[in-house]
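Scroll down for the structure; my scribbles are underneath it.
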Amino acid sequence: MSAIVRFEKVSKRFGKIIALDEISFEVEEGEFVFLTGPSGAGKTTILNLLIGDIKASSGRVFFDGQEITKIKRKNIPYLRQKIGYVFQDFKVLHERTARENIEVALAVIGVAKRDWKKRVNEVLELVGLGDRSELFPQQLSGGEVQRVAIARALVVNPKILLADEPTGNLDWDTAQNIVDLLSNINNEGKTVMLATHHEGIVYRLKKRTIRLEKGAIAQ
Ligand SMILES: Nc1ncnc2c1ncn2[C@@H]1O[C@H](COP(=O)(O)OP(=O)(O)O)[C@@H](O)[C@H]1O
Ligand SMILES: [Mg+2]
């Protein structure tokens, strides 16, 4: 196995706030890793550094053999194609059906329309929404909307899936189902990083946990 993600003494400051303080860790290809720690610990900052959304103040970030901290702005869209990101607030389009929300991801990267149906149906099945594809987000439960967001992230076949507080607004049973889904996706070979402050979720699955505290890795 080789590391798909590597952080080398990465610091991130926002003005006087030190969000990350010389963080170093690796994630192996095919691994499932939890990023945990209380609110404000730096979890989202790590994910945002990985997608090139923000720049490190110092240190080096590598993804899939490429140094993200040196990547040119114009190449960030290519980086994003390799990364599926499930955002904290879902970011689904409310005026579009589940299927259309997922199609948007294919349109963005220029996949031919004739190939959409097969690929979208595959991910809909994978997340258990085969019979909900023509419904709008307001007709779906919170857990189902989260499944749409996961399907949308996966349809481009990214090398890694990043999920930021994917169980945030869900009740306990639904949250467990979402984590089980992400675990199944990992079992099929996808690397997964799941950021959560929700400790109960973490203990259920016996997976590696990187625990953050005030921007540093806790022992
Ligand atoms: N854009 C920003 N501007 C200023 N401070 C920020 C910004 N983003 C994050 N921070 C700060 O960095 C710290 C880590 O934030 P974050 O990574 O969002 O934590 P977590 O996701 O673990 O809750 C917090 O103190 C937060 O207020
Ligand atoms: Mg966060």
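Observations on the structure shown:
- Residue selected from the stretch 182-219 under the condition away from ligand 1 (no atom under 16 Å from the Cβ) and buried (at least 19 other Cβ atoms within 10 Å of the Cβ), by the criterion nearest to the chain's Cα centre (by Cα): VAL192
- Any chance ASN177 is within 16 Å of ligand 1 (Cβ to nearest atom) and without any contact (Cβ under 8 Å) to a residue 40 or more places away in the chain: no
- Among the residues of the stretch 7-61, just one is farther than 23 Å from THR167 by Cα, among the β-branched types (Val, Ile, Thr) and assigned to a loop (DSSP other than H, G, I, E, B), namely ILE54.
- Tabulated pairs, the stretch 112-134, first more than 26 Å from ASP180 (Cβ to Cβ), second outside any loop (DSSP other than H, G, I, E, B) and of a type in the set (Asp, Glu), C-beta under 7 angstrom, 6+ apart or interchain: TRP116/GLU103
- Of all residues in the stretch 18-32, those that are closer than 9 Å to ALA3 by Cβ and free of Cβ contacts under 8 Å to residues at least 24 places away in the same chain have Cβ atoms under 9 Å from Cβ atoms of residues that are surrounded by fewer than 21 Cβ atoms within 10 Å (Cβ to Cβ) and small (Gly, Ala, Ser), 6 or more apart or on another chain, in GLU26/ALA3.
Let's see how each residue does on (1) surrounded by fewer than 20 Cβ atoms within 10 Å (Cβ to Cβ); (2) assigned to a loop (DSSP other than H, G, I, E, B); (3) within 16 Å of ligand 2 (Cβ to nearest atom):
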position: ASP115; (1), (2), (3): yes, no, no
position: VAL123; (1), (2), (3): no, no, no
position: GLU144; (1), (2), (3): yes, no, no
position: VAL148; (1), (2), (3): no, no, no
position: PRO166; (1), (2), (3): no, yes, yes
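- Residue within the stretch 202-214 that is within 16 Å of ligand 2 (Cβ to nearest atom) and among the acidic types (Asp, Glu) present: yes
- The listed residues are ILE178, ILE185, and the only one of them that is more than 19 Å from VAL5 (Cβ to Cβ) and not acidic (Asp, Glu) turns out to be ILE178.
- Residue count for the stretch 10-59, restricted to those that are over 23 Å from ARG204 (Cα atoms), near ligand 1 (Cβ under 10 Å from one of its atoms) and touching a helix residue (DSSP H, G or I) at 6+ places or on another chain (Cβ under 8 Å): 5.
- Considering the stretch 22-36, the residues that are surrounded by fewer than 23 Cβ atoms within 10 Å (Cβ to Cβ), of a type outside the set (D, E, K, R) and closer than 12 Å to ALA216 by Cα include one that is farthest from ligand 2 (Cβ to nearest atom), namely SER24.
Here, each number is a calculation from the coordinates, and none is a lab measurement. Since the model is a prediction, treat every value here as computed from it, not as a measurement. A quick note on method: Cβ atoms are made from the backbone with ideal geometry, for glycine too, and the neighbour counts reach across all protein chains shown.
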